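*Asks:* Below you will find the structure I want to go over with you.
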Amino acid sequence: MELIDGKKVANQIKQEITAEVEQIKKEGGKIPHLAAIIVGHDGASETYVGHKEKACNQVGFNSTVLRFEDDIAEDTLLRKVDELNKDTEIDGFIVQLPLPDHISEQKIIEAIDPKKDVDGFHPINLGRMVIGLPAYISATPAGIIELIKRYNIETSGRDVVVIGRSNIVGKPISILLGQKSDTGNATVTLTHSRTKNLKEVASKADIIIAALGQAEFLTADMVKEGATVIDVGITRVKSDKTKSGWKLLGDVKFDEVAEKAAYITPVPGGVGPMTIVSLLQNTLKASKGEIYPRL
Ligand code: GUN
């Protein structure tokens, strides 16, 4: 069994981005600039945005965080989005989710200029991705593809089972792996809560992507010997064995599945660290006009 070390790969990619930013600076080019909007004081959102800001600093990007109270009106937030759309200094931005109930997340996402939508949540980016046009791919599927690439995991002609059909992981990764591309050409089965005989389906897969959000759901009896297992889950559970009193569990029962798998991602340290790197990669692409011609 080989562990897919997301932390190591993420650090490597950060170094590559840092070198590229240094080169851009030397040549007097535009330093990539990511902005984030955060509404309210949700603890997890604060943590995520803090990590994104820190990652920008590490690689030499500029970053801006715009904070608003959770009683901000939807119209006001839409105006802020529009200001960022028009701000030529900002290459890309994200609106951290979830938003308060009185604000339509879909309306906000659709107000973001697709050319600056480095989260890849806008329907235009999702649609472009589906038909194989250059598009911003959202952080988790992009991170999974990068791991598959860097570990030279063959996807062509192989059977993939994706568990979970969320808009930000299950659906996009199933499309990317089935796409005509170097990290695609797989035969993909997208499974979900109504799938019959999931054990039978999963145990035939060469590659399993577990992205349903249920701690330790995937057990060894559902996995073929020699399969590649990518775990997207992160559930925080109480633990008396850690200093913090909490531990993170993936969607995969790691110890028993690791005994059968050829490659497996751990939790933490697998897909998680790759997500921020994907956002950095998208921001770099935005500043270079790689997906859409420069603004
Ligand atoms: N909330 C949790 N993950 C994400 C993410 O990747 N992007 C945004 N905008 N909000 C999130």
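The values are calculated or read from the model by the stated rules, or taken from the named source; none is laboratory data. From a predicted model like this one, the values you see are computed outputs, not experimental measurements. Cβ placement follows ideal geometry from the backbone for every residue including glycine, while neighbour counts extend to all protein chains displayed. Remember, those area values only see protein heavy atoms, side chains included, never the ligands or the DNA or RNA. Shrake-Rupley method; radii C 1.70, N 1.55, O 1.52, S 1.80 Å.
*Asks:* Test of the criteria: in the range 216-290, which GluC sites (Glu not before Pro) are in a DSSP loop and have at most 15 other Cβ atoms within 10 angstrom of their Cβ?
*Replies:* On the way: sites: 216, 225, 256, 259, 290; in loops: 216, 225, 259, 290.
Sparse-neighbourhood loop GluC sites (Glu not before Pro): 225, 259, 290.
*Asks:* Also, quick follow-up: Taking the full set of protein chains and a 1.4 angstrom probe, give the accessible area of residue 183 in square angstrom, rounded to the nearest 10.
*Replies:* 20 Å²
*Asks:* Quantify, in whole percent, the carbon and sulfur part of the accessible surface of the range 20-88 (1.4 Å probe; protein heavy atoms only).
*Replies:* Details: 1810 of 3830 Å².
Of all accessible area on the range 20-88, carbon and sulfur atoms account for 47 percent.
*Asks:* Now for a different question. When only Cα pairs under 8 Å and 6 or more residues apart are kept, what is the percent relative contact order across the chain? Write out the running numbers ahead of the final one.
*Replies:* Working: 576 pairs, mean separation 61.0, N = 295.
Relative contact order, the chain: 21 percent.
*Asks:* At what distance in angstrom do the alpha carbon centres of the range 274-295 and the range 48-90 lie from each other?
*Replies:* 16 Å
*Asks:* So, one more: What percent does the relative contact order of the range 1-100 come to when contacts are Cα pairs within less than 8 Å and at least six residues apart?
*Replies:* On the way: 104 pairs, mean separation 35.9, N = 100.
This gives 36 percent for the range 1-100.
*Asks:* Given Cα positions, please report Rg to Rh for the range 68-130, the hydrodynamic radius being the Kirkwood one. Working shown, then result.
*Replies:* Values: Rg = 11.7 Å, Rh = 12.1 Å.
Here the Rg-to-Rh quotient is 0.96.
*Asks:* Next question, about the same structure. For the range 121-169, what does the equivalent ellipsoid look like in terms of its semi-axes, each the square root of 5 times an eigenvalue of the Cα gyration tensor, given largest first in whole Å?
*Replies:* Details: eigenvalues 83, 34, 26 Å².
Those come to 20, 13, 11 Å.
*Asks:* When the helices in the chain are scored as -39500 (n - 2.57) per DSSP H run of 4 or longer and the sum is shared across all residues, what 222 nm value do you end up with, to the nearest 500 deg cm²/dmol?
*Replies:* Values: 10 runs with 114 residues, N = 295.
My calculation for the chain gives -12000 deg cm²/dmol from helical runs alone.
*Asks:* Mind pulling up the Rg/Rh value for the range 27-159? Radius of gyration and Kirkwood radius, both on Cα. Walk me through the numbers on the way to the answer.
*Replies:* Working: Rg = 16.4 Å, Rh = 16.3 Å.
So for the range 27-159, dividing Rg by the Kirkwood Rh gives 1.00.
*Asks:* Under Stokes-Einstein, with the Kirkwood radius over Cα pairs standing in for Rh, what whole-number D in µm²/s applies to the chain at 10 °C and 1.306 mPa s? Walk me through the intermediate numbers first.
*Replies:* Details: Rh = 20.0 Å.
It diffuses with D of about 80 µm²/s by this estimate.
*Asks:* Rolling a 1.4 angstrom probe over the protein heavy atoms, how many square angstrom per residue are accessible across the range 7-121?
*Replies:* 51 Å²
*Asks:* Could you work out how far helix 139-150 tilts from the main Cα principal axis of the chain, as a 0 to 90 degree angle to the nearest 10?
*Replies:* On a 0 to 90 degree scale, this one is about 60.
*Asks:* Whenever you get a sec, compute what percent of the accessible area on the range 151-220 sits on carbon and sulfur atoms (1.4 Å probe).
*Replies:* On the way: 1570 of 3530 Å².
Roughly 45 percent, rounded to a whole number.
*Asks:* Within the range 44-140, list the GluC sites (Glu not before Pro) lying in a DSSP loop whose Cβ has at most 12 other Cβ atoms in a 10 Å radius. Write down the numbers at each step before the final one.
*Replies:* Working: sites: 46, 53, 69, 74, 83, 89, 105, 110; in loops: 69, 89.
Hits after loop and neighbour filter: 69, 89.
*Asks:* Just from the alpha-carbon atoms, what are the Rg and Dmax of the range 242-295 in angstroms?
*Replies:* Reported Rg and Dmax, both Å: 17.4, 50.
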